[in-house]
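Taking it in order: structure first as structure tokens, then the write-up.
The values are calculated or read from the model by the stated rules, or taken from the named source; none is laboratory data. Keep in mind it's a predicted model, so treat the numbers as computed, not measured. For neighbour counting, all protein chains shown are included, and Cβ atoms are generated from backbone atoms with ideal geometry for every residue, glycine included.
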Amino acid sequence: MRLSCHRLALGITLALASVGVSANAFTYRGQLSDQGQPANGRYDLRLTLHADAVSGKALASPMTFEDVVVSNGSFTLSFEGPSAISAELWVGVEVRDNDLAAFEATPGRSKALLGNTIGQCWSTTGDSGSNPATHFLGTIDAQPLVLKTANVQSLRIEPSGEVFGAPAVPITANMIGGSSANVVSPGVRGAVIAGGGVPTGTSDPQYANEAPNIVSDHYGTVSGGYGNTVGDNDDTLSESPFAAIGGGLANEATGSAAVVPGGYLNRAVGYVSAIGGGESNFASGSGSAISGGASNIATGYRASVGGGTLNESLGAYSVVAGGINNVARANSSAIAGGEVNTAMGLYSFVSGGFGNCAGATRSFAGGNRAKVRPPTGNDQDSCAFVPTTPGGDSGSFAWADSQSSDFVTSGSDQFIVRAQGGVGINAAPVVPNVEMMIQANATGSETSNIWLKQRSTNRGILFSAGDGTGANDSGFYIDHYNGGPPVRRMSLANDGSVFIRSNTTGANSGVAMAPGDGAFTSLSDRHAKTAIEPVDARSILERVVQMPISSWQYKAQPGDVRHIGPMAQDFMAAFSVGSTDKGINTIDADGEALAAIQGLNEKLAAENAALVSEQQLLRQELESIRSRLDDLVEAAGHE
């Protein structure tokens, strides 16, 4: 037989009989186990009353209770004790399972108080009608309340030394749960260790790095885990208040109001810094945050790291969303992800990718090894070995494709793209050997448009292409454009014709080439002309005859290419037509040639008329001579 008696509740009250007879009435409620299970049956119990918890002196003879009914381990004894007792006494209990066995003493004694000193007792089976203002479990002095399991502290509630009000009461309390090795530093108030913690050493049978949880500054909280430290763990209790750790292993929240929900070896050092989880993350900037990942650092003011591994947000308000080995060094810089990227310039941004460097203020880099040159002396991380320049290439945008070489800006405010497969707008390039493709948008005409506009006004040039209906007949157009109706300057139409206008008003001028033609047709419509005057064709002929004509070559052409013609200066000097003495308008050259032909014709006609007249005179003279010869011959015959 192995019996044990657990005194879960003991009440000793002083009762008054209804008829006015007084007595010391006692009630004892206990819990009896037999072979480790709640006892059921009848047992003999013997109670002895003592003045204290350890001395052998009894206040009265032992009281034996035979055949006590025990149900599911519970029993109740009622009896009258000696009249002359102090305000408290101690009860020893012995038990046996039949009257032939010897009584077996249960360990220890139970403390009991007189009813008029404790009021009403709490029952192990529950109470009713209690008043929380007067009925409570706890202390009425400034001593801590300790709850133990296995005779070891499992919960300790400590009132603060600071008091408030009248009457003065503690302003708060510390609650230390979990391992008895957990520590709240002396003098700390409002601390909570909800659980967890283990003694230092190889105390846990499964996990390593065993250590207690510690709160060293006011109002710190550790919810669980072990080896976690809240507060800076020095002699000053108010430097790092209000910090919290949710759980995990070996985390530290040493900044004021810093928080670490969990993870392993995370350190939230900065004021109101936070680490969401992960491993070996370090947040020291005021208001900095790391969501998770491993070995990330946020040292800038309100800097943040979203996750990933070995990322660093060093500048104020800097952000690294994730990836690996990324560094946002400048204030308000950001990296979306990727690997080995650096945001070096103020307000710089790296969209992701690999090995990119946004080295200057307000710069952008993305893709693969795109580099915006940093200021001199700032060649670090992925900006290392990049050529530097005073001030850096601020405001520049660089994006590079997958080629394994650096793609570097050469000045500020540049937009550079390396795309071996081509660049597309509204659609991807359809063939690999096209560097750039612009497709018409989803609404409107089939024409794609590019507007090159002035800085301060809407004036500009509009390039358009489209409206093809066959296999390869799209047109191309150039217009003057200011956001209103365009003025066409050139047209390569989808029927093959070409037109070039030589004014900006839309007036009828310029040259054209009909479909299939081999030369331009210059505008010569009478209705397009004014100030029409006749010319002296003979004079033009004389000037053409006098104008030097040479064989020559252009300086920019190869030496075996030659031409024949006048110099523009001689042409201008001879005829004073056209808009420049540096070139000859073909319509002027054609006109002068036609006029010269007319002048030559007039000259030849005049010369021919003179010859005809002279011929007539000669004929007349010849006829006269012939007639006279005939007369002489006839006269000689008569002789």
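Taking the options 392, 422, name whichever one is modelled with pLDDT under 90, surrounded by 13 or more Cβ atoms within 10 Å (Cβ to Cβ) and touching a Pro at 6+ places or on another chain (Cβ under 6 Å).
Details: 392 fails: modelled with pLDDT under 90.
The conditions single out 422.
Taking the range 224-268, which residues are part of a loop (DSSP other than H, G, I, E, B), of a type in the set (A, V, I, L, M, F, W, C) and farther than 18 Å from residue 285 by Cα? Full working, then the answer.
Initial filter on the range 224-268 (part of a loop (DSSP other than H, G, I, E, B)): 224-225, 227-228, 231-243, 246-248, 250-251, 254-258, 261-263, 265-266.
In the following step, the residues that additionally are of a type in the set (A, V, I, L, M, F, W, C) were identified as 237, 242-243, 250, 257-258, 265.
Those that are part of a loop (DSSP other than H, G, I, E, B), of a type in the set (A, V, I, L, M, F, W, C) and farther than 18 Å from residue 285 by Cα: 237, 250.
For residue 397, state whether it is at pLDDT 95 or above, closer than 17 Å to residue 319 by Cβ and under 18 Å from the mean Cα position of the chain (by Cα). Reasoning before the result, please.
On the way: at pLDDT 95 or above: yes; closer than 17 Å to residue 319 by Cβ: no; under 18 Å from the mean Cα position of the chain (by Cα): yes.
Here the answer is no, as residue 397 does not meet what is asked.
In the range 168-222, how many residues are of a type in the set (Ser, Thr, Tyr), modelled with pLDDT under 95 and on the phi > 0 side of the Ramachandran plot?
Taking the range 168-222 and keeping what is of a type in the set (Ser, Thr, Tyr), we get 172, 179-180, 185, 200, 202-203, 207, 216, 219, 221.
Now narrow it down to the ones that are modelled with pLDDT under 95: 202-203.
With the extra rule that they be on the phi > 0 side of the Ramachandran plot, the set shrinks to none.
Here the count works out to 0.
Is there a residue in the range 276-294 that is in contact (Cβ under 8 Å) with a residue 12 or more places away in the chain, in contact with a Pro (Cβ under 8 Å, 6 or more places away or on another chain) and of a type outside the set (Phe, Trp, Tyr)?
First, pick out the residues of the range 276-294 that are in contact (Cβ under 8 Å) with a residue 12 or more places away in the chain: 276-294.
Then drop every residue that is not in contact with a Pro (Cβ under 8 Å, 6 or more places away or on another chain), which leaves 276-277.
Narrowing further to those that are of a type outside the set (Phe, Trp, Tyr): 276-277.
Yes, the range 276-294 contains a residue that is in contact (Cβ under 8 Å) with a residue 12 or more places away in the chain, in contact with a Pro (Cβ under 8 Å, 6 or more places away or on another chain) and of a type outside the set (Phe, Trp, Tyr).
Is there any pair linking a residue in the range 593-604 that is in the same structural domain as residue 577 (by TED's automatic domain parsing) and of a type outside the set (A, V, I, L, M) to one that is outside any helix (DSSP H, G or I) and modelled with pLDDT of 90 or more, with Cβ under 8 Å and at least six apart or on different chains, and which?
Listed by first residue and then by second, the contacts come to 599/536.
If you go through the range 148-156 one residue at a time, do you hit one that is closer than 26 Å to residue 238 by Cα and either modelled with pLDDT of 95 or more or loosely packed, with under 12 Cβ neighbours inside 10 Å (or both)?
In the first step, residues of the range 148-156 are kept if they are closer than 26 Å to residue 238 by Cα; the result is 155-156.
Cutting the leftovers down to either modelled with pLDDT of 95 or more or loosely packed, with under 12 Cβ neighbours inside 10 Å (or both) gives us 155-156.
Yes, there is a match, as at least one residue in the range 148-156 is closer than 26 Å to residue 238 by Cα and either modelled with pLDDT of 95 or more or loosely packed, with under 12 Cβ neighbours inside 10 Å (or both).
Tally up the residues in the range 143-172 that are touching an Asp or Glu at 6+ places or on another chain (Cβ under 6 Å) and within 25 Å of residue 247 (Cβ to Cβ), please. Give the steps one after another, and end with the answer.
Residues of the range 143-172 that are touching an Asp or Glu at 6+ places or on another chain (Cβ under 6 Å), as a first pass: 144, 171.
Imposing the further condition that a residue be within 25 Å of residue 247 (Cβ to Cβ) reduces the set to 144.
Here the count works out to 1.
Tally time: how many residues in the range 269-282 are closer than 18 Å to residue 219 by Cα and in a loop (DSSP other than H, G, I, E, B)?
The initial filter retains those residues of the range 269-282 that are closer than 18 Å to residue 219 by Cα, namely 269-274.
Adding the requirement that they be in a loop (DSSP other than H, G, I, E, B) leaves 269-273.
Result for the range 269-282: 5.
Regarding the range 338-348, can at least one residue be identified that is under 25 Å from residue 268 (Cβ atoms), aromatic (Phe, Trp, Tyr), assigned to a loop (DSSP other than H, G, I, E, B) and modelled with pLDDT of 95 or more?
No, the range 338-348 contains no residue that is under 25 Å from residue 268 (Cβ atoms), aromatic (Phe, Trp, Tyr), assigned to a loop (DSSP other than H, G, I, E, B) and modelled with pLDDT of 95 or more.
Which condition breaks for residue 351 when tested against (1) surrounded by 20 or more Cβ atoms within 10 Å (Cβ to Cβ); (2) within 19 Å of residue 311 (Cβ to Cβ)?
The failed condition is (1).
For the range 468-493, which residues satisfy the criterion of being over 22 Å from residue 520 (Cβ atoms) and loosely packed, with under 15 Cβ neighbours inside 10 Å?
Result: 468, 469, 470, 471, 472, 483, 484, 485.
Could you check the range 349-360 and list, in sequence order, the residues that are over 13 Å from the mean Cα position of the chain (by Cα), closer than 18 Å to residue 394 by Cα and in a loop (DSSP other than H, G, I, E, B)?
Answer for the range 349-360, where residues must be over 13 Å from the mean Cα position of the chain (by Cα), closer than 18 Å to residue 394 by Cα and in a loop (DSSP other than H, G, I, E, B): 356, 359, 360.
Here is a yes/no grid of residues against (1) part of a helix (DSSP H, G or I); (2) buried (at least 16 other Cβ atoms within 10 Å of the Cβ):
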{"site": "551", "(1), (2)": "no, no"}
{"site": "584", "(1), (2)": "no, yes"}
{"site": "604", "(1), (2)": "yes, no"}
{"site": "607", "(1), (2)": "yes, no"}
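Take the range 26-82 and flag every residue that is over 20 Å from residue 108 (Cβ atoms), small (Gly, Ala, Ser) and not in a strand (DSSP E or B).
The one that is over 20 Å from residue 108 (Cβ atoms), small (Gly, Ala, Ser) and not in a strand (DSSP E or B): 61.
Please enumerate the residues belonging to the range 172-202 that are more than 25 Å from residue 271 (Cα to Cα) and without any contact (Cβ under 8 Å) to a residue 12 or more places away in the chain.
201, 202
Quick test of your reading of the structure: residue 37 fulfils all but one of (1) in contact with a strand residue (DSSP E or B) (Cβ under 9 Å, 6 or more places away or on another chain); (2) modelled with pLDDT under 85. Name the failing condition by number.
With (1) in contact with a strand residue (DSSP E or B) (Cβ under 9 Å, 6 or more places away or on another chain); (2) modelled with pLDDT under 85 applied to residue 37, the lone miss is (1).
All but one of (1) part of a helix (DSSP H, G or I); (2) free of Cβ contacts under 8 Å to residues at least 12 places away in the same chain hold for residue 532; state the number of the condition that does not hold.
Just one mismatch for residue 532, condition (1).
Please determine whether any residue of the range 469-479 is out of contact with any His (no Cβ under 9 Å at 6 or more places or on another chain), of a type in the set (D, E, K, R), within 30 Å of residue 588 (Cα to Cα) and not assigned by TED's automatic domain parsing to the domain that holds residue 587. Give the derivation first.
Let us first name the residues in the range 469-479 that are out of contact with any His (no Cβ under 9 Å at 6 or more places or on another chain), namely 469-479.
In the following step, the residues that additionally are of a type in the set (D, E, K, R) were identified as 473, 479.
Those left that are additionally within 30 Å of residue 588 (Cα to Cα): 479.
Those left that are additionally not assigned by TED's automatic domain parsing to the domain that holds residue 587: 479.
Yes, the range 469-479 contains at least one residue that is out of contact with any His (no Cβ under 9 Å at 6 or more places or on another chain), of a type in the set (D, E, K, R), within 30 Å of residue 588 (Cα to Cα) and not assigned by TED's automatic domain parsing to the domain that holds residue 587.
Before we move on, is residue 444 farther than 22 Å from residue 513 by Cβ, in a strand (DSSP E or B) and modelled with pLDDT under 90?
Values: farther than 22 Å from residue 513 by Cβ: yes; in a strand (DSSP E or B): no; modelled with pLDDT under 90: yes.
No.
Any idea which of 247, 161, 224 is surrounded by 19 or more Cβ atoms within 10 Å (Cβ to Cβ) and touching a Gly at 6+ places or on another chain (Cβ under 8 Å)? Lay out the reasoning, then the answer.
On the way: 161 fails: surrounded by 19 or more Cβ atoms within 10 Å (Cβ to Cβ); 224 fails: surrounded by 19 or more Cβ atoms within 10 Å (Cβ to Cβ).
Answer to the selection: 247.
In the range 495-549, which residue that is more than 30 Å from residue 461 (Cβ to Cβ) and basic (Lys, Arg) is surrounded by the most Cβ atoms within 10 Å (Cβ to Cβ)? Even if it seems obvious, please write down each step before you answer.
Taking the range 495-549 first, the residues more than 30 Å from residue 461 (Cβ to Cβ) are 526, 531-549.
In the following step, the residues that additionally are basic (Lys, Arg) were identified as 526, 538, 543.
Values: 526: 7, 538: 17, 543: 19.
Ranking the qualifying residues of the range 495-549, first place goes to 543.
Would you please name the residue that is farthest from residue 217 (Cα to Cα), looking only at residues in the range 178-205 that are of a type outside the set (Lys, Arg) and touching a Ser or Thr at 6+ places or on another chain (Cβ under 6 Å)?
Step one: list which residues in the range 178-205 are of a type outside the set (Lys, Arg), which gives 178-188, 190-205.
Those still in the list that are touching a Ser or Thr at 6+ places or on another chain (Cβ under 6 Å) too: 185, 190, 192, 194, 197-198.
Values: 185: 7, 190: 9, 192: 11, 194: 16, 197: 18, 198: 20 Å.
Of everything passing the filter in the range 178-205, 198 is farthest from residue 217 (Cα to Cα).
Here are some conditions: (1) among the small types (Gly, Ala, Ser); (2) exposed (fewer than 13 other Cβ atoms within 10 Å of the Cβ); (3) not in a helix (DSSP H, G or I). Residue 578 meets all but one. Which one does it not meet?
All conditions pass for residue 578, except number (2).
Exactly one of (1) assigned to a strand (DSSP E or B); (2) touching a Lys or Arg at 6+ places or on another chain (Cβ under 6 Å) is unmet by residue 386. Its number?
Failing condition for residue 386: (1).
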